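Any read-out appearing in this document is the output of simple, stated calculations on the displayed coordinates, not a laboratory observation. Not measured: the values here are computed from a predicted model. Virtual Cβ from ideal backbone geometry, glycine too; neighbours counted across all protein chains shown.
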């Protein structure tokens, strides 16, 4: 069988993955301590960072907790939902495109 060698000149365009923000929203029922717990446990923030973000949520009605690829952002939002439900809080986490 004859040997064929073929050289292909292919350029691959590699794009950065689209990123998404996970946003926590203020409500009148979720305790501030629970929000800090969520921020340290799910988003791996230090206690100081978590307190600052929690205060921003309280004062401005919402705050970005992190920016991730779609799958990770979706997973973190779902983790917030499950933990809040388990603890009987209505804490809302949404994801939005990071522009």
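Taking 0.36 nm per residue of separation and subtracting the Cα-Cα distance, what length does fully extending residue 3 through residue 47 add? Walk me through the intermediate numbers first.
On the way: separation 44, 0.36 × 44 = 15.84 nm, distance 6.44 nm.
In short, 9.4 nm is gained.
Taking Cα atoms only, the orientation of helix 32-41 departs from the longest principal axis of the chain by about 20 degrees.
Per-residue ellipticity at 222 nm, computed for the chain from helices alone with -39500 (n - 2.57) per DSSP H run of at least four residues, works out to -13500 deg cm²/dmol. Ranked for footprinting exposure by Cβ neighbours inside 10 Å, fewest first, 57, 14 give 14, 57.
Between 0 and 90 degrees, the angle of helix 70-86 with respect to the longest Cα principal axis of the chain falls at about 30 degrees. Spread over its residues, the convex hull of the C-alpha atoms of the chain is 150 Å³ per residue.
Relative contact order for the chain: 42 percent, from Cα pairs under 8 Å spaced at least 6 residues apart, divided by residue count. Available extension along the chain between residue 92 and residue 15 is 24.6 nm, counting 0.36 nm per residue and deducting the alpha carbon span.
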